[in-house]
Amino acid sequence: MIADPKVLILEDNDSDADLLIRELKKSGLKFFPKIVQNRSAYENALKEFDPDIILSDYSLPSFDAVTAFKIKQHLLPLIPFIIVSGFIGEENAVELINSGVTDYVSKNKLVTLSIKVNKALNDAAILKEKLITDEKAIIQAAALLIANEELVFQNKEKEKRAADLILLTENLKVQQIELQHANLQLIKQEEKVVLINEELSKLNQELEDRVASRTKALAESENRFRNMMETIPQIAWTNTVKGEIQFFNQRWYDYTGLSIGQTQIGGFNIVVHPDDQKNILKQFGLIRKSKNGGEFQTRVKRADGLYRWHLIRLMPIKNDVGQLQLWAGTATDIQELRLLQQQKDDFISIASHELKTPITSLKASLQLLYKIKDTSSPIMPNLIIQANKSLEKVNLLIEDLLNASKANEGQLQITPKQFFLHEVIRDCCNYLIDEGEYIINIKGDKEIQVYADAVRIEQVVLNFVTNAIKYAPHSKEIDINIEHFSGMTKISVIDKGAGIPQENLRFLFDRYYRVDHGGSKYTGLGLGLYICSEIIKKHNGKIGVDSELGKGSSFWFTLPISNLSLDQIRQIA
Ligand code: ADP
């Protein structure tokens, strides 16, 4: 039972309320009473007094027990509600109890009040107890449910983890197999590596042996090379690819009187004639660029201070695969040779000059003799014609000699005028074309004009043509092409003769140079092409030859085109 319960009494009649309290106290019940007489006091008391039981009159002036019961049910549904009233009738009482009112006590039979109050309080306590127990049971059941769910969840997790573990184990097995496989492979590869290593070390050994023997061979060949350089009578040296001097033979030190130290500091520069310095730099540069070697002449100072002419030759030394390794150079003393050359030039110049006059008078005499020829002797006219032809040949030779001397001294005279190139070339070839022995095809632009020495240009063309006839006697057809390109004209004389070996080509325009054709099949002085090149140089043109053995040669020269108007030509003329 509830100890010291709070009893709310809804009664508008004070004496009835006192009676109720007295009646309850009489039964020995200890309690806290609170009397309310209207609806608002009743509602406040429900909230603030918080009663354990309510005793209510059935009807009040502005309120009634049925409404009071409904309000209580809404706010405090478990609190017992007993109606204490006068007579309300058996039926009403039953209905009230059916609708939930705890009990009914008649004011006339108050002796039952304490029993019913005690019972109601007891029932309420039991009901409360039950409710609390039920609630606890529900909470426990809920907790059990949650715990169960948790267990189910944990179980599922465990199952999942077990499945994962199985999967992992299977994966591990697969990986283990793969690892074993890889391990096997590694072992095989290791075996291969061991084999390769063995081969490599063998190869290395072989290479080392080869390098050692090659180095030895190189050292030996270098020694031989240096020894050879020491044995030749010329100055000799070697240059690196970049042009630095590596070695000079003893002849250098003997000739120049320089020490090794002086040579290292100054090299060639100290001994080359000051006037030749620029030229040798240019020549060395050109030769190194060409990569094929080359030569030029310069004056080199002897130990006694005298300068002597030397022929400098540079040859590229290449390895087996054609790569340039170094340059080998020689300087040959040509002082005497140059003197002899000079004397020869002087002699030729004087002789040809001196010969010119008697030849001219000889020619005049022959002409006279031809006019007054003695017809009694039938061979006389033929002899005179023959003598005239020979004289013409001698005359041409002397002309060549004189021209060469002039060219050598830089005195070749050029008298330029404006003319049509095709016309001049055709005219000079006419007599050959007329003879009918050779077919000469002159092709190309007939309108090209040049401002040049027509006689000299004619001389060049004739030289090319007569050479073609002389050196390609079996080919009866000669082509002369006149082309033009970017302000220049190119005249080529093409034969289908034996051609000229490549190694001879670069010397063809040198003085007295002749290609060895085997025996004295072709006579000549080797001056024609030299004179031609000097003539073309004087005209700011270029001269050259393209030739192929067995196919023929093409000798060519170029001249600047000068297409002046007729007025301009007249002005020049
Ligand atoms: P020359 O005819 O008096 O020997 P050139 O200076 O005219 O002198 O010619 C030089 C050399 O060039 C000749 O000796 C000859 O070997 C060669 N040569 C010139 N023209 C031809 C040619 N068309 N075919 C082959 N060789 C030629």
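A few comments on the model shown:
- Search result, residues across region 529-549 that are under 17 Å from Met488 (Cβ atoms), within 11 Å of the ligand (Cβ to nearest atom) and part of a loop (DSSP other than H, G, I, E, B): none
- Cross-chain or 6+ apart pairs with Cβ under 6 Å, region 466-480 first and closer than 15 Å to Cys428 by Cα and of a type outside the set (A, V, I, L, M, F, W, C), then within 10 Å of the ligand (Cβ to nearest atom) and modelled with pLDDT of 90 or more: Asp479/Ile494
- Pairs where the first residue, in region 485-499, is over 27 Å from Tyr451 (Cα atoms) and of a type in the set (Asp, Glu) and the second is within 16 Å of the ligand (Cβ to nearest atom) and at pLDDT 90 or above, C-beta under 7 Å, 6+ apart: Asp495/Ala468; Asp495/Ile478; Asp495/Gly552; Asp495/Ser553
- Cβ-Cβ under 8 Å pairs, at least 6 apart or on other chains, region 237-258 side farther than 11 Å from Val271 by Cβ, far side basic (Lys, Arg) and modelled with pLDDT under 95: Gly243/Arg288; Phe247/Arg226; Asn249/Arg226
- Residues within region 297-344 that are under 23 Å from Ser405 (Cα atoms) and touching a residue at least 60 places away in the same chain (Cβ under 8 Å), tallied: 1
- Pick from region 550-563, criterion within 16 Å of Ile478 (Cβ to Cβ) and touching a residue at least 60 places away in the same chain (Cβ under 8 Å), ranking: nearest to the ligand (Cβ to nearest atom): Ser553
- Any hit, region 198-210, residues being within 30 Å of Ala328 (Cα to Cα) and among the basic types (Lys, Arg): yes
- Test for Glu437: is it at pLDDT below 90 and within 26 Å of Leu549 (Cβ to Cβ): yes
- Subset of region 1-29 [touching a residue at least 12 places away in the same chain (Cβ under 8 Å) and of a type in the set (Lys, Arg)]: Lys6, Lys26
- Residues located in region 85-120, provided they are surrounded by 13 or more Cβ atoms within 10 Å (Cβ to Cβ), in a loop (DSSP other than H, G, I, E, B) and modelled with pLDDT under 85: Ile88
- Residue list for region 503-528, filter: more than 11 Å from the ligand (Cβ to nearest atom) and either among the hydroxyl-bearing types (Ser, Thr, Tyr) or in contact (Cβ under 8 Å) with a residue 12 or more places away in the chain (or both): Ser520
- The residues in region 47-62 that are over 21 Å from Ala3 (Cβ atoms) and in a strand (DSSP E or B) can be counted, and the count is 2.
- Number of positions in region 480-502 that are under 49 Å from the mean Cα position of the chain (by Cα), closer than 20 Å to Gly552 by Cα and more than 12 Å from the ligand (Cβ to nearest atom): 6
The values are calculated or read from the model by the stated rules, or taken from the named source; none is laboratory data. Worth saying up front: this structure is predicted, and the values here are computed from it rather than measured. All Cβ positions, glycine included, derive from the backbone under ideal geometry; neighbour counts span all protein chains shown.
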